[in-house]
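To keep things clear, I will list the structure first and then write my remarks on it.
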Amino acid sequence: MRFIDREEVARRLTYPLCIPIVREAMIAFSRGETIQHLRSILTLSPGRLFGIMPGAMGADAAFGAKLISVFHGNAALGRQSHQGVVVLFDPVTGAPVCVVHAGELTAIRTAAASAVATDALARPDACRLAILGTGEQAGTHIRAIAEVRMLESIRIWGRSLERATALAERTEAACPVLPAASVEEAVADADIVCTVTSSAEPILLGRWLRPGTHVNVVGSSHAGPVEVDNDLVVRSRFIADSREGVLQQGAEFLQAKRAGLIGDEHVVGEIGQVLAGTLPGRQSADKVTVYKSLGHVVQDLATAWALYTQSE
């Protein structure tokens, strides 16, 4: 059995490679060509989760599972918050053939999925990016979004201004990268916003956003912690990676629904439908759009299978 470690994933799974793979996986998912269950999540203790995500790319295609822990305290230890493996099985024999480092794979494919959504939903002239969060996903999202839009400025906010400043200083980009002292300051002029925090309470308020902003809501991957307020959810065209997943596990949507502000119909559909041309994405230049990212196993399987089958 082959093992693809973190270093190999980081070296080979570039954004020009990963973004098209994730795009096609999301289309296949929304067409019903893939097979998967909703993720099963065990809460071990606050900030410590264990998830199991089984799936198949099709009835006769590669299949497998992702076993992943999410420990939010790892950042302080200099380790990835996501730790685990993706196990691939051969579609002909059913034998396990490859184990892939899930932490690095998750970091890259999550940002690639946000880039896919941004390309489909952000205004064509969007050029100012705001990153809310200073963890690993902050850096991967900067690199991924730069693949789909010509950025003119990047603002970074974090609970620690020192960490935001340090990230801005070490970020290599073709445009100015500056820290922001507040979320409101970071998003004031933004066309694209990525929330990539572990916050349990809203950090981003809808009233702070300009008309026409696109927001990737990424940090919360299960029912419970929320990153954005009800106002942003309600005023946006709200598109999911998995509609079923968001209806059951999308914390920001569920909070607004519990408040009686929206119903299930507010999740208008999936990004795979937008990419396939069966669902309108952005409908006007001044509409706020939201892509709610939970992540699903077909993204992991598609990218891991590509690493397994493609030669270096």
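Matching residues to (1) among the aromatic types (Phe, Trp, Tyr); (2) part of a loop (DSSP other than H, G, I, E, B); (3) within 14 Å of the chain's Cα centre (by Cα); (4) modelled with pLDDT of 95 or more:
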residue	(1), (2), (3), (4)
Leu247	no, no, no, yes
Ala256	no, no, no, yes
Ala285	no, yes, no, yes
Tyr291	yes, no, yes, yes
Glu312	no, yes, no, no
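Do we have Asp60 as free of Cβ contacts under 8 Å to residues at least 40 places away in the same chain and farther than 22 Å from Ser221 by Cα here? Quick ask: steps written out before the conclusion?
Numbers: free of Cβ contacts under 8 Å to residues at least 40 places away in the same chain: yes; farther than 22 Å from Ser221 by Cα: yes.
For Asp60, the condition - free of Cβ contacts under 8 Å to residues at least 40 places away in the same chain and farther than 22 Å from Ser221 by Cα - is met.
Count of region 7-16 residues, restricted to those that are open to solvent by 30 Å² or more (accessible area, probe 1.4 Å) and touching a Leu at 6+ places or on another chain (Cβ under 9 Å), is 1.
Taken over region 29-52, the residue count meeting the criterion of being crowded, with 18+ Cβ neighbours inside 10 Å, at pLDDT 95 or above and of a type outside the set (S, T, N, Q) is 1.
In region 288-312, the qualifying residues are those that are surrounded by 17 or more Cβ atoms within 10 Å (Cβ to Cβ) and among the charged types (D, E, K, R), and the one that is nearest to Arg123 (Cα to Cα) is Lys292. Looking at Glu33, is it over 19 Å from His222 (Cβ atoms), in a helix (DSSP H, G or I), touching a residue at least 12 places away in the same chain (Cβ under 8 Å) and more than 18 Å from the chain's Cα centre (by Cα)? No: the conditions fail for Glu33.
Got at least one residue in region 207-223 being surrounded by fewer than 19 Cβ atoms within 10 Å (Cβ to Cβ), of a type in the set (Gly, Ala, Ser) and under 17 Å from Leu254 (Cα atoms)? Yes, some residue in region 207-223 is surrounded by fewer than 19 Cβ atoms within 10 Å (Cβ to Cβ), of a type in the set (Gly, Ala, Ser) and under 17 Å from Leu254 (Cα atoms).
The values are calculated or read from the model by the stated rules, or taken from the named source; none is laboratory data. On a predicted model such as this, the values are computed, not experimentally measured, just so you know. All Cβ positions, glycine included, derive from the backbone under ideal geometry; neighbour counts span all protein chains shown. These accessible areas exclude ligands, DNA and RNA; they are computed on the full protein's heavy atoms, side chains included. Shrake-Rupley method; radii C 1.70, N 1.55, O 1.52, S 1.80 Å.
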